[in-house]
1. Set the Förster distance to 25 Å, then compute FRET efficiency between residue 31 and residue 116 from the Cβ-Cβ distance, nearest 0.05.
2. Between residue 46 and residue 99, how many nm apart are label points set 7 Å from Cα along the C-beta direction?
3. Quick check on packing: order 71-78, 100-107 by the mean number of other C-beta atoms within 10 Å, highest mean leading.
4. Going by Cα centres, segment 109-146 and segment 18-77 are how many Å apart?
5. State, to one decimal in nm, how far the label point of residue 56 lies from the label point of residue 162, with both points 7 Å from Cα in the Cβ direction.
6. What's the ranking of 80-92, 7-19, 152-164 by average number of surrounding C-beta atoms within 10 Å, highest first?
7. Find how much the distance from residue 155 to residue 15 grows on full extension, using 0.36 nm per residue of separation minus their present alpha carbon separation; answer in nm with one decimal.
8. Which residues in segment 116-135 have a backbone N closer than 20 Å to a point placed 7 Å from the Cα of residue 91 along the Cα-to-Cβ line?
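What follows draws every value from the coordinates through simple rules; no lab data is involved. These numbers come from a predicted model, not from an experiment. So basically every Cβ, Gly included, is an ideal-geometry build from the backbone, and we count neighbours across all protein chains shown.
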């Protein structure tokens, strides 16, 4: 879903359809399956937008000008920022998909589940599927959103009540 949200927002921002950017960003936030996932996704998005604004303050409009009441998820923020900086959608989707698997393998390394070499092997094995998903997202619409990650969603709900945690979500 993140790749689709990113692509929909990228296209809307590229075409300066600011109402669509804001409404899609609100939908992306609402799609988070738990309070912790919502917090994580929106904190990452807000931090990303803050960094982009600090480094490139001349790029207008700023997020706060188009969606002042919506905190973007990370995917929404990346789609908006890359469109405003004329970074191609295909390149953005490929990079985002690669960063996703990098984040997951990094977590597995920190938990000592796998080592660095195995992480690279996993990333390499996942690359064809990730690039295919990124390519499919290029033309995807909000009608293509969908998820069947019940175990992950339920685990995120259970994680919220744990006393000791290694990760935020």
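1. 0.15
2. Here the answer is 1.8 nm between the modelled labels.
3. Highest to lowest by the protection proxy: 71-78, 100-107.
4. Centre-to-centre distance over Cα atoms comes out at 23 Å.
5. So the label points at residue 56 and residue 162 sit 3.7 nm apart.
6. 7-19, 80-92, 152-164
7. Extending this stretch completely gives an extra 46.6 nm.
8. It comes to 131-135, nothing else.
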